[in-house]
Amino acid sequence: MRTFQRDTPQFVEGFRAQSSTSSCVKCISKSACLNSNLDIDRRERLTTEYTHQFKVKVGDAIFHQGDPIQSIYNVSTGFLKLEFSLSNGQHQVTRFASNGDLVGLDGIADGRHHLDAYALTDGVICSLNYVRLQSLIQKEPMIQKSIERALSNELNRAQEHLFSLGSHSVEEKLVYFILELLQKEGRFKSEQNYLHLPMNRGDLKSYLGITVESLSRALATLEGAKFFRVKNREINEIDYHKLVEFLDLTLEESGQTI
């Protein structure tokens, strides 16, 4: 894992050197990204005005808390983590983002990011120039609708996560997370009985609001009940339907669905 450092001009120039005009039509995440509402003609014509792709390596910083917002970012491939940090070194992972997810919306309110975003895996990110997006909104209402939808989805996701943190047992939190990940990755692959977790247990326990010891016990309990098998970051032989049944009562009571 690379040492996380604040962006330098050289690092930014490195991003630009790797960048290329996006090819939204060929992107595997095109059905889930900000540009998914645009028809093929608009996607080919407009996205080149505000979208550039760049490659990231494990540990690369996408943006830092306090950075001015210059772009918002769509994950084309790979995994990111977003976390809130305090000056005393404390931090809380607030989200894991993957294919099609939009990040950087936290900077819209006051022009500065309130989170740190790092790459958990190698991947490809689409940088959407925020100033150019704002100018195009007046001419292309579909872009504004896409941003509004993304903001609403982010709010709904945060509310569901808060519900899970406050209402689920440790095992339920873990099952809910695995089901969410399976559902998300199911859009891009057919296999539903295997996951490779890109995050370490420290990041996962931070996101779930539990201790590493509680996470280890929950994994052992669920493995013992034959929900899945675990080896390091590999979760295989996942019984998807058994996981869903495990949460049925909780989800019915809350009115949520998986």
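By count of other Cβ within 10 Å, fewest leading, how are LEU208, LEU115, LEU179 ordered?
On the way: LEU208 21, LEU115 24, LEU179 18.
Going from sparsest to densest Cβ surroundings: LEU179, LEU208, LEU115.
What residues have an amide H closer than 5 Å to that of ASN99, excluding those fewer than 5 places away on the same chain, when H is modeled at 1.01 Å from N in the peptide plane?
GLY78
Could you give the size of the charge dipole of the range 45-161 about its Cα centre, using +1 on the Cβ of each K and R and -1 on the Cβ of each D and E, expressed in debye and rounded to the nearest 20?
Numbers: 11 positive and 13 negative charges, 61 e Å.
Taking the Cα centre of the range 45-161 as origin, the dipole is about 300 debye.
Magnitude of the Cβ-charge dipole of the range 57-112, K/R +1 and D/E -1, about the Cα centre, nearest 20 debye?
Details: 4 positive and 6 negative charges, 24 e Å.
Magnitude of the dipole: close to 120 debye.
Taking the Cα centre of the range 168-254 as origin, work out the dipole magnitude from +1 charges on Lys and Arg Cβ and -1 charges on Asp and Glu Cβ, in debye rounded to 20.
Values: 12 positive and 15 negative charges, 84 e Å.
So the dipole magnitude of the range 168-254 works out to roughly 400 debye.
Projected onto the charge dipole of the range 168-254 (+1 at Lys/Arg Cβ, -1 at Asp/Glu Cβ, origin at the Cα centre), which of PHE246, SER214, LEU179 gives the Cα projection farthest towards the positive end?
Result: SER214, furthest along the dipole toward the positive end.
So for the range 123-215, what are the equivalent ellipsoid semi-axes in whole Å, largest first, each being the square root of 5 times an eigenvalue of the Cα gyration tensor? Let's see the in-between values first.
Numbers: eigenvalues 209, 57, 36 Å².
Each semi-axis is √(5λ); the values are 32, 17, 13 Å.
Is there a pair in LYS55/LYS226; LYS145/LYS205; LYS55/LYS242; LYS81/LYS145; LYS55/LYS205; LYS57/LYS139 whose C-alpha atoms are over 31 Å apart, and which pairs would that be?
Those over the limit are LYS55/LYS226; LYS145/LYS205; LYS55/LYS242; LYS57/LYS139.
How much FRET efficiency would the formula 1/(1 + (r/R0)^6) give for THR211 and ARG157, where r is the Cβ-Cβ distance and R0 is 25 Å, rounded to 0.05?
Numbers: r = 24 Å, r/R0 = 0.95.
Efficiency at R0 = 25 Å is approximately 0.60.
Fewest to most neighbouring Cβ within 10 Å: what's the order for ASP248, ASP122, ASP106?
Working: ASP248 10, ASP122 14, ASP106 21.
Placing the least packed residue first, the sequence is ASP248, ASP122, ASP106.
Every read-out reported here was derived from the displayed coordinates using simple, explicitly stated rules and does not represent laboratory data. Because the structure is a prediction, the values reported are computed rather than measured. Quick reminder, even Gly has a Cβ in these numbers, built from the backbone with ideal geometry, and neighbours come from all protein chains shown.
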